[in-house]
1. For region 77-84, indicate whether the set of residues that are touching a Leu at 6+ places or on another chain (Cβ under 6 Å), farther than 24 Å from His4 by Cα and touching a residue at least 40 places away in the same chain (Cβ under 8 Å) is non-empty.
2. If only one of Ser78, Ser20, Ser2, Ser67 is closer than 18 Å to Val149 by Cα and out of contact with any strand residue (DSSP E or B) (no Cβ under 6 Å at 6 or more places or on another chain), which one is it?
3. Which residues, taken from region 1-34, are loosely packed, with under 10 Cβ neighbours inside 10 Å and of a type in the set (Asp, Glu)?
4. Within region 45-54, can you find the residues that are among the hydrophobic types (A, V, I, L, M, F, W, C) and in contact (Cβ under 8 Å) with a residue 24 or more places away in the chain?
5. Under 9 Å by Cβ, and 6 or more places apart or on different chains, what pairs join a residue from region 90-104 that is outside the structural domain of Ala141 (by TED's automatic domain parsing) with one that is exposed (fewer than 12 other Cβ atoms within 10 Å of the Cβ) and among the aliphatic types (A, V, I, L, M)?
6. Give me the residue from region 69-122 that is β-branched (Val, Ile, Thr) and farther than 18 Å from Asp136 by Cα and, out of that set, surrounded by the most Cβ atoms within 10 Å (Cβ to Cβ).
Amino acid sequence: MSDHTATILWVRKDEGFLKSQYSRNHTWSFDGGLEVNATAAPNVIPPPWTDPAHVDPEEAFVASVSSCHMLTFLHVASKAGFLVDRYEDKAVGTMAKNEKGVPWVKTITLHPEISYGGDKIPTAEEAGQLHHKAHDYCFIANSVKSEVVVSPVV
């Protein structure tokens with residue numbers, strides 16, 4: 001089908017590497033030229049070895065699931081004849097420990113709040129069906145083992 005690439009670059013700048021005293025800051029570069037400052041989650045590795053202003057992989061994972069759901073929702077809403085004016089999601093990823101005691105993103109809860117325009121506004125049932133269809137077709141949600149819960153804000 002297609003390949004999607006990212007270049008991840010970290011360069012040691014500290015002398016304390018062997019003591020785990022090194023910066024976790026790095027960059028993500030994408031094919032369109034965008035560079036994103038990234039780091040480890042500050043609640044896992046505290047500053048000064050991380051920068052809370054940078055994106056961490058857990059946040060990016062949650063954002064990826066949310067973004068995919070939104071893009072798929074916009075597609076299915078458009079095909080169903082619903083005019084979407086605005087879509088906002090305050091997605092939350094919840095960490096837990098698995099059966100081996102290793103942390104993982106157990107649940108991602110999406111809280112999409114959608115404003116519609118035009119004369120055709122979906123009922124609560126129709127909106128639920130749109131979200132269900134979007135979830136079923138979202139590439140990212142179909143690629144992960146974390147539970148993804150969609151809890152629309154009405």
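The values are calculated or read from the model by the stated rules, or taken from the named source; none is laboratory data. It should be emphasised that the depicted structure is a prediction, and the values quoted were computed from it without experimental measurement. Glycine also receives a Cβ, built like all others from the backbone with ideal geometry; neighbour counts cover every protein chain displayed.
1. Looking through region 77-84, at least one residue is touching a Leu at 6+ places or on another chain (Cβ under 6 Å), farther than 24 Å from His4 by Cα and touching a residue at least 40 places away in the same chain (Cβ under 8 Å).
2. On the way: Ser78 fails: closer than 18 Å to Val149 by Cα; Ser20 fails: closer than 18 Å to Val149 by Cα; Ser2 fails: closer than 18 Å to Val149 by Cα.
So the residue among Ser78, Ser20, Ser2, Ser67 that is closer than 18 Å to Val149 by Cα and out of contact with any strand residue (DSSP E or B) (no Cβ under 6 Å at 6 or more places or on another chain) is Ser67.
3. Correct list: Asp3, Glu15.
4. First pass over region 45-54, keeping only residues among the hydrophobic types (A, V, I, L, M, F, W, C): 45, 49, 53.
Trp49 - this is the single residue of region 45-54 that is among the hydrophobic types (A, V, I, L, M, F, W, C) and in contact (Cβ under 8 Å) with a residue 24 or more places away in the chain.
5. Between residues of region 90-104 that are outside the structural domain of Ala141 (by TED's automatic domain parsing) and residues that are exposed (fewer than 12 other Cβ atoms within 10 Å of the Cβ) and among the aliphatic types (A, V, I, L, M), there is no close pair.
6. Residues of region 69-122 β-branched (Val, Ile, Thr): 72, 76, 84, 92, 94, 102, 105, 107-109, 114, 121.
Still in the list and also farther than 18 Å from Asp136 by Cα: 84, 92, 94, 102, 105, 114, 121.
On the way: Val84: 17, Val92: 14, Thr94: 14, Val102: 8, Val105: 18, Ile114: 22, Ile121: 12.
Ranking the qualifying residues of region 69-122, first place goes to Ile114.
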